[in-house]
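Note sheet for the following structure.
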Amino acid sequence: MSLLGSRGPALAGAVLALSAVVAPLAATTAPATAAAAPLTKVTLKVSNCEGCSFAPTSAVEGASVFQTWSAEPRTVQDGTVTFTVPTWRTRGLVFAVDAPWAGRYGAQPLVTMHESGAKVGSAVTATQAATAKAGHVCFAGTASRSITLAVKVGRVTLKDERGRASVQPRAFAAVTQPYLGDSRRTDGGVVFTQETVFC
């Protein structure tokens, strides 16, 4: 039985007439919405982690609510991985990293954007990243339409809360980046999380 019942022809005609009005309106408003939201191409140039995957999120506290954005993980190919991010969402951007050779740990490793105490814009060595006791993972953001961030990845063997050892990726920006929020404690130079990171 039709949901329109006995008034089917009359209602169908009304729906078609309404569609004729709404369709042109939607077609004219969509480009204006798209134009109001500029996008930024964010490329990670990754060293020593071919086949690793990265996933961006942005969760920044607003005036009264938390606003979040995320994208599906993408795999590093030929040393790079690229995401298209709404430009305003680059503020508070955080990157999770997974490596095909990593073991179970019970928490998600993140890319460190800035080691605590380091000067923004300074180069970071593997030793500095490994010995850092705390770091920032929230990128301060950009107004540019395209940026490239160099990310280095090393391997570190860590024990989880149950004492089980596993190899984990230690990922960090090769040059310290402007950041948001407070620093986070590291484990073996790695910042981990078990939940969405709010900046």
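The values are calculated or read from the model by the stated rules, or taken from the named source; none is laboratory data. On a predicted model such as this, the values are computed, not experimentally measured, just so you know. Reconstructed Cβ throughout: ideal geometry from the backbone, glycine too, with neighbour counts over all protein chains shown. Side chains are part of the model used for accessible areas, which takes the heavy atoms of the whole protein and leaves out ligands, DNA and RNA. Shrake-Rupley method; radii C 1.70, N 1.55, O 1.52, S 1.80 Å.
Surface exposure of region 136-193, expressed per residue as accessible area with a 1.4 Å probe, stands at 50 Å². With the other protein chains left in place, how much accessible area per residue, in square angstrom, belongs to region 71-119 at a 1.4 angstrom probe? With all protein chains present, region 71-119 gives 49 Å² per residue. As a fraction of the 1.4 Å probe accessible area of region 137-199, surface on carbon and sulfur atoms comes out at 43 percent. The label-point distance for residue 162 and residue 123, in a model that sets each label 7 Å from Cα toward Cβ, rounds to 4.3 nm.
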